[in-house]
Amino acid sequence: MHRSVRSLSRGLDLIRQLNVTGPAGAQQLAASTGLNRTTCYRLLQTLQDEGYVSFDAKSALFALTNQVRTLSEGVSLSDLSSQAALPPMFALLKEASWPSDFALFELGSLMIHESTHSFSPFSVHRSMIGRRRSLVRSALGRAILTAASPTLRREMLDITASLVPEDATLARNQKVIRHFVLQTRKDGYASSVGEAEHGISAIALPVQGIGPVLASLNLVFFTSAMTPEVAARRYLRAMKKAVREIERRWRALQQESARG
């Protein structure tokens, strides 16, 4: 294992301290972080040279600059949701053994951001992260469409119709969309049988963060092994438990990010 870089840790300590206290003098910062004054000055000078800290000569105070925000603005909805999803997905894998995927709606289809396929004894796939699934033909997509408000559902279908040629006709077919939305509500879960991939079935549930429903979690199994109804009887309770935990973790991360 590589050794940690102590100067980087100390620099981050200074950034954290300035974020808490606001503008402060070097002596105050040295005392609050436990650094000796010479080291503190050198680190502050480096942070100033890199544009993360400013120094007011009149007041002799150091302060964070707006450039510090660039360190966190890359943390997106998908980053936070992925952090939240994987531990509950592993817990689900222990109960069900079949693999699951966590996906978000992006550009007319579902992008898989986390998956337990690599760890399941029953998966024929070893690399699912980054793959796409249909909004209208997959359980993942149908779970999101059913949970979405009518306005959001219409907007997502319009995006799919314009950006995903193979799904355009189905996305515009209001009768078919209405049918599987009603069926999903009746069942209490979304399902697909060989529609996203031959010989593969899935059931799925929507995942709610802060804001509109744009994510979902599935459980994937061989079509020959069981029907969606059997899968739901066996595993839906465990899936709901995983979804609740993902939602709890996701909201906590979103709130923490907003405070930061």
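The values are calculated or read from the model by the stated rules, or taken from the named source; none is laboratory data. Small disclaimer: the values here were computed from a predicted structure and weren't measured. Every residue, glycine as well, gets a Cβ built from its backbone with ideal geometry; the counts of neighbours run over all protein chains shown.
Of note:
- Test: residue in region 178-193 that is more than 19 Å from residue 207 (Cα to Cα), assigned to a helix (DSSP H, G or I) and in the same structural domain as residue 101 (by TED's automatic domain parsing): yes
- The requirement of being modelled with pLDDT of 90 or more, in contact with a Phe, Trp or Tyr (Cβ under 6 Å, 6 or more places away or on another chain) and among the small types (Gly, Ala, Ser) is fulfilled somewhere in region 232-246, by at least one residue.
- Checklist (1) out of contact with any strand residue (DSSP E or B) (no Cβ under 8 Å at 6 or more places or on another chain); (2) at pLDDT 90 or above applied to residue 62, failing item: (1)
- Taken together, 172, 178, 185 contain a single residue that is surrounded by fewer than 18 Cβ atoms within 10 Å (Cβ to Cβ), modelled with pLDDT of 95 or more and more than 26 Å from residue 223 (Cα to Cα), which is 172.
- Filter pass, residue 142 being surrounded by 20 or more Cβ atoms within 10 Å (Cβ to Cβ), among the basic types (Lys, Arg) and out of contact with any Gly (no Cβ under 8 Å at 6 or more places or on another chain): yes
- Residue check for residue 97: surrounded by fewer than 22 Cβ atoms within 10 Å (Cβ to Cβ) and under 22 Å from the mean Cα position of the chain (by Cα): no
- Here residue 128 passes the criteria (1) among the hydrophobic types (A, V, I, L, M, F, W, C); (2) modelled with pLDDT of 90 or more; (3) touching a strand residue (DSSP E or B) at 6+ places or on another chain (Cβ under 7 Å) except the one numbered (2).
- Test: residue 202 is at pLDDT below 95 and assigned by TED's automatic domain parsing to the domain that holds residue 96: no
- Top-ranked residue in region 207-228 [being of a type in the set (S, T, N, Q) and closer than 24 Å to residue 118 by Cβ; ranked as surrounded by the fewest Cβ atoms within 10 Å (Cβ to Cβ)]: 224
- Candidates 155, 245, 166, 197: the one that is acidic (Asp, Glu), assigned to a loop (DSSP other than H, G, I, E, B) and surrounded by fewer than 19 Cβ atoms within 10 Å (Cβ to Cβ) is 197.
- Residues that are surrounded by fewer than 14 Cβ atoms within 10 Å (Cβ to Cβ) and basic (Lys, Arg) were ranked within region 248-259; the one that is farthest from the chain's Cα centre (by Cα) is 259.
- First in region 149-178 and more than 21 Å from residue 215 (Cβ to Cβ), second anywhere and of a type in the set (S, T, N, Q) and surrounded by 14 or more Cβ atoms within 10 Å (Cβ to Cβ), Cβ under 8 Å, 6 or more apart: 166/134; 168/160
- Taken as a whole, the structure places residue 92 among residues that are crowded, with 23+ Cβ neighbours inside 10 Å, among the aliphatic types (A, V, I, L, M), modelled with pLDDT of 95 or more and not assigned by TED's automatic domain parsing to the domain that holds residue 15.
- On the stretch given as region 17-51, residues that are of a type in the set (S, T, N, Q), assigned to a helix (DSSP H, G or I) and more than 20 Å from residue 67 (Cβ to Cβ) total 6.
- Set side by side, the residues 204, 231 differ, and just one is part of a helix (DSSP H, G or I) and either touching a residue at least 12 places away in the same chain (Cβ under 8 Å) or surrounded by 15 or more Cβ atoms within 10 Å (Cβ to Cβ) (or both), which is 231.
- Within region 123-151, considering residues that are among the aliphatic types (A, V, I, L, M) and in a loop (DSSP other than H, G, I, E, B), the one nearest to residue 97 (Cα to Cα): 124
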